[in-house]
1. For the range 1-85, which helices (runs of 4 or more DSSP H) that fit wholly inside it have 3 or more residues that are in contact with a Gly (Cβ under 9 Å, 6 or more places away or on another chain) and more than 16 Å from residue 118 (Cα to Cα)?
2. Do we have residue 30 as in contact with a Pro (Cβ under 7 Å, 6 or more places away or on another chain) and surrounded by 19 or more Cβ atoms within 10 Å (Cβ to Cβ) here?
3. For the range 86-111, which positions are in a helix (DSSP H, G or I), out of contact with any Gly (no Cβ under 7 Å at 6 or more places or on another chain) and under 23 Å from residue 50 (Cβ atoms)?
4. Within the range 57-73, can one find any residue that is surrounded by 12 or more Cβ atoms within 10 Å (Cβ to Cβ), within 24 Å of residue 93 (Cβ to Cβ) and in contact (Cβ under 8 Å) with a residue 60 or more places away in the chain?
5. Is it the case that residue 48 is more than 21 Å from residue 127 (Cβ to Cβ), at pLDDT 95 or above and surrounded by 17 or more Cβ atoms within 10 Å (Cβ to Cβ)?
6. Surrounded by 15 or more Cβ atoms within 10 Å (Cβ to Cβ), out of contact with any Ser or Thr (no Cβ under 9 Å at 6 or more places or on another chain), under 18 Å from residue 23 (Cα atoms) and in contact (Cβ under 8 Å) with a residue 12 or more places away in the chain - does that describe any residue in the range 104-114?
Amino acid sequence: MSAMKIIRAAQGIDFNSIKTITQTTIWSIYPKYYPNGAVQFFSDYHSDERIKTDIGSGRVFLIEGEEAIIGTVTIIDNEINRLFVLPDYQGKGYGRALMDFAEEMIGRNYDHIILDASLPGKQMYIKRSYVVKNTT
């Protein structure tokens, strides 16, 4: 990330950008890790209704690049959800900036963070010293 990027709360007008980031990332990256049925599950899970509800509740944040919104994270209490960065911008520090932001926000009120990691994000979380727990 060359310059400081802006992270801000999402507004209703940002819905289409957040949906595009979420669905583009799922359908571009997840097929490398999961069978089609699982990719469809993730796509359906991050439905328009869920995204809109989270935006309306002030839980969704986004990061802006030079010309567009390129990443998003949803914070619900002490849980990090829906952290996605458009594939063309991955590996450039935007995901790290969103994680730093989410951790700082959660750390104001909680002493631990919960997240459900998908396989594509698992290594990033392990590098950040998150502990893998199987809840099955």
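1. Hits in the range 1-85: 48-56.
2. Details: in contact with a Pro (Cβ under 7 Å, 6 or more places away or on another chain): yes; surrounded by 19 or more Cβ atoms within 10 Å (Cβ to Cβ): yes.
Yes.
3. Step one: of the range 86-111, the residues in a helix (DSSP H, G or I) are 87-89, 94-107.
Next, only the ones that are out of contact with any Gly (no Cβ under 7 Å at 6 or more places or on another chain) stay: 87-88, 96-97, 99-107.
87, 99, 101, 102, 103, 105, 106, listed by residue number.
4. Yes - at least one qualifying residue is present in the range 57-73.
5. On the way: more than 21 Å from residue 127 (Cβ to Cβ): yes; at pLDDT 95 or above: yes; surrounded by 17 or more Cβ atoms within 10 Å (Cβ to Cβ): no.
Criteria not met by residue 48.
6. no
The values are calculated or read from the model by the stated rules, or taken from the named source; none is laboratory data. Note that the structure is predicted; figures quoted are calculated from it, not measured. Cβ sites come from the backbone with ideal geometry, for glycine too, and all protein chains shown count toward neighbours.
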